[in-house]
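The values are calculated or read from the model by the stated rules, or taken from the named source; none is laboratory data. In this text, all values refer to a predicted model and were calculated from it rather than measured experimentally. Cβ atoms come from the backbone with ideal geometry, glycine included; neighbour counts cover every protein chain shown. Side chains included, ligands, DNA and RNA excluded: accessible areas come from the protein's heavy atoms. Shrake-Rupley method; radii C 1.70, N 1.55, O 1.52, S 1.80 Å.
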Amino acid sequence: MMNNEKEYIVIKAKENGVTVIGLTRGTDTRFHHSEKLDKGEVMVAQFTEHTSAIKVRGKAEIQTSHGSVESGTED
Ligand code: TRP
């Protein structure tokens, strides 16, 4: 297992229909998975051999080892 594959993030949806999108690792960066969360639902997602980036669309609280950030707002 590579070092960058141990990382995981926590996403807590603050509204219905938050989308968590996994993007592929490697030369070709594309969507490979899309997961819908409703308000209050939590997803714990890892970076893996197949996933190098995670995109969150909608209002959510995102916790990582680097800190927390809120998506879907301007502050
Ligand atoms: N099959 C994917 C993988 O092993 C599942 C996955 C892991 C995923 N992390 C993710 C999907 C983050 C969406 C977002 O890489």
Scanning region 62-75 residue by residue, those closer than 17 Å to GLY17 by Cα and either over 10 Å from the mean Cα position of the chain (by Cα) or loosely packed, with under 12 Cβ neighbours inside 10 Å (or both) turn out to be GLU70, SER71, GLY72, THR73
Would you point out the residue of region 1-54, among those that are of a type in the set (Ser, Thr, Tyr) and assigned to a strand (DSSP E or B), that is most open to solvent (accessible area, probe 1.4 Å)?
TYR8
Between a residue in region 46-59 that is more than 12 Å from GLY26 (Cα to Cα) and more than 9 Å from the ligand (Cβ to nearest atom) and any residue that is open to solvent by less than 100 Å² (accessible area, probe 1.4 Å) and of a type in the set (S, T, N, Q), which pairs come within a Cβ distance under 7 Å, given they are 6 or more apart or on different chains?
VAL56/SER71; ARG57/THR19; GLY58/THR19; GLY58/SER71; LYS59/SER71; LYS59/THR73
